[in-house]
1. Straight distance only, please: which lysines reach the Cα of K50 with their own Cα at less than 17 Å, same-chain residues fewer than 8 apart left out?
2. Just grab the label-to-label distance for V10 and N104, each label 7 Å out from Cα along the Cβ direction, in nm (one decimal).
3. Need the full-extension length gain, N3 to R74, defined as separation in residues times 0.36 nm minus the C-alpha distance. One decimal, nm.
4. Please give the FRET efficiency for Q91 paired with D111, using the beta carbon to beta carbon distance and R0 = 35 Å, rounded to the nearest 0.05.
Amino acid sequence: MANNKTELSVNTEVIEKMAEIAAKEVDGVAGLSKKTIDLKGIVKSKNAFKGVKVENINGAVEISVFICVKQNARVKEVAEKVQSNIKEKIQSMTGNAVTQVNVNVADIEFDGEEQ
């Protein structure tokens, strides 16, 4: 019997969506930042910026996420939970190693603000 190996390939846009969902699952996260962010000197337009950036390097995944936290949230705890949740979900769903999850708190949502 031949050794039939299958290989899973997941588009980075799908991984971005998975990371977005995983980040929003964490209590204290109001959503992803929709503000224009300067990444390495390149200003992204509001339409092009999704709040998640994924780089796939030789099968290993590096993720940067820009979150908006709720007003009374403990920022450090929220960021650590987001980091852990994203890593766990991406690795379990894709089988790819997540080597780095950078959580950037880009904004705070105050009561009564719309995201």
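1. K17, K24, K34, K35, K40
2. Label at V10, label at N104, 2.3 nm between them.
3. Details: separation 71, 0.36 × 71 = 25.56 nm, distance 5.07 nm.
That works out to 20.5 nm of additional length.
4. Working: r = 35 Å, r/R0 = 1.00.
My answer for the efficiency is 0.50.
Each value in this text was obtained by applying a stated rule to the coordinates, not by laboratory testing. What you see is a predicted model, and the numbers here were worked out from it, not measured in a lab. Backbone-built Cβ (ideal geometry, glycine too); neighbour counts: all protein chains shown.
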